[in-house]
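Engineer: Okay, here's the structure, questions in a sec.
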Amino acid sequence: NQWRSAIAFNKQIRERLSASLSGFYGEGEYTNQGIKDKFSGTSIGLNYELWHNTRFNTGYSYSKTDSNLAGRGYTRNYLSAGLVMGF
């Protein structure tokens, strides 16, 4: 049994540059095992159009899970960069 709420914003900064920001929060429960988790996170990203159908993107994400079961919780940081080409 779980639920999650999320929000996201996207903004065109310049003709070829856009940004995104998002976040989430939720809770989950495994009733048979008695495990209760809370999870949250946020991410930010930038996209830059280099040429037609080709763009560079970069982003950072942070997520965290807290649990009533020792050793189950974790924190994750994720940094990404890439080149996207369309055909």
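Read-outs: derived from the displayed coordinates by stated rules, not from any lab. This structure is a prediction, so every number in the text was calculated from the model and none was measured. Cβ sites come from the backbone with ideal geometry, for glycine too, and all protein chains shown count toward neighbours.
Engineer: Please give the charge dipole size of the chain, origin at the Cα centre, charges +1 on K and R Cβ atoms and -1 on D and E Cβ atoms. Round to the nearest 20 debye.
Structural biologist: Details: 10 positive and 6 negative charges, 27 e Å.
Dipole magnitude for the chain comes out near 120 debye.
Engineer: Report, to one decimal in Å, the Kirkwood hydrodynamic radius for the chain based on all distinct Cα pairs.
Structural biologist: Values: mean 1/r = 0.0663 Å⁻¹.
In the chain this quantity evaluates to 15.1 Å.
Engineer: Right, something else. If I take every Cα pair under 8 Å that is 6 or more residues apart in the chain, average their sequence separation and divide by the length, what percent do I get for the relative contact order? Walk me through the intermediate numbers first.
Structural biologist: Numbers: 197 pairs, mean separation 19.4, N = 87.
Averaging sequence separation for qualifying contacts and normalising by length gives 22 percent for the chain.
Engineer: Let me ask another. Distance in nm between label sites at Glu49 and Trp3, each 7 Å beyond Cα in the beta-carbon direction?
Structural biologist: 4.0 nm
Engineer: Note down the nm distance, to one decimal, between modelled labels 7 Å out along Cα→Cβ at Ser67 and at Gln33.
Structural biologist: According to this spin-label approximation, the distance is 0.5 nm.
Engineer: Something else about it: Among Asn32, Asn77, Asn53, which one moves the most in a GNM of the chain with springs linking Cα atoms closer than 10 Å?
Structural biologist: Per the Cα network of the chain with a 10 Å cutoff, Asn32 tops the list.
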